[in-house]
Amino acid sequence: MLELKEPEISLRFDVDDIRKIRDHNSQRHSNMTHEEIVEDIQEGAEKIIKEYNLDVTYARKLG
């Protein structure tokens, strides 16, 4: 399996950065099952919630 390099994100975090992330995740998910993709997205969301100390109630409102 081809190892994908994490996209380089600018300090501006603009629309180009969002496209880089979207394309990166699209490539990563291309060989995953639906269940694996959902699990991957949930794990990513949990990581962000913990990393930024977000209130879970607030985070649910965002989703």
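The values are calculated or read from the model by the stated rules, or taken from the named source; none is laboratory data. Because the structure is a prediction, the values reported are computed rather than measured. Glycine also receives a Cβ, built like all others from the backbone with ideal geometry; neighbour counts cover every protein chain displayed. The protein model used for the area step is the full one, side chains on, heavy atoms only, and it has no ligands, DNA or RNA in it. Shrake-Rupley method; radii C 1.70, N 1.55, O 1.52, S 1.80 Å.
Brief remarks follow.
- Matching residues, region 1-28, being polar (S, T, N, Q) and either open to solvent by 70 Å² or more (accessible area, probe 1.4 Å) or more than 21 Å from Glu43 (Cβ to Cβ) (or both): Ser10, Ser26, Gln27
- Counted residues, region 29-51 - those being open to solvent by 70 Å² or more (accessible area, probe 1.4 Å) and part of a helix (DSSP H, G or I): 12
- Tabulated pairs, region 17-28, first in contact (Cβ under 8 Å) with a residue 12 or more places away in the chain, second open to solvent by 60 Å² or more (accessible area, probe 1.4 Å) and among the acidic types (Asp, Glu), C-beta under 9 angstrom, 6+ apart or interchain: Lys20/Glu8; His24/Glu6
- Residue in region 55-62 that is at negative phi, surrounded by 10 or more Cβ atoms within 10 Å (Cβ to Cβ) and modelled with pLDDT of 85 or more present: no
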